[in-house]
């Protein structure tokens, strides 16, 4: 049976961003956060803001906490218009504590 899905092309001049994967709970979809600073219009203080984007990850290669590069592409679904290009930096693996016999008692 042939698939009628079009391949996802990423134009070379498409906008690219680097963000951190916030959620990897869904299959082939990641939520990536792009933090930035914005100056308050009245008080002049810099306020932390963020943009949350839904990103298509075809091979499920990114995990929560990874720093990833994403690129804008054609709409894949209602909320997904970005695709994962590469994993820039893996998140540090949680280290399990070493349990000795004395500590186990």
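Of all the numbered requirements in (1) out of contact with any strand residue (DSSP E or B) (no Cβ under 8 Å at 6 or more places or on another chain); (2) part of a loop (DSSP other than H, G, I, E, B); (3) at pLDDT below 95, residue 42 misses one, and that requirement is (3).
Checked against (1) free of Cβ contacts under 8 Å to residues at least 40 places away in the same chain; (2) exposed (fewer than 15 other Cβ atoms within 10 Å of the Cβ); (3) not in a loop (DSSP other than H, G, I, E, B), residue 23 meets all criteria but (1).
Matching residues to (1) part of a strand (DSSP E or B); (2) exposed (fewer than 12 other Cβ atoms within 10 Å of the Cβ); (3) more than 10 Å from the chain's Cα centre (by Cα):
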| residue | (1), (2), (3) |
| --- | --- |
| 7 | no, yes, yes |
| 19 | yes, no, no |
| 32 | yes, no, no |
| 55 | yes, no, no |
| 62 | no, no, no |
| 69 | yes, no, no |
| 76 | no, no, yes |
| 85 | yes, no, yes |
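The values are calculated or read from the model by the stated rules, or taken from the named source; none is laboratory data. Since we're looking at a predicted model, the values are computed, not measured. Don't worry about glycine lacking a Cβ; one is built from the backbone with ideal geometry, like all the others, and counts go over all protein chains shown.
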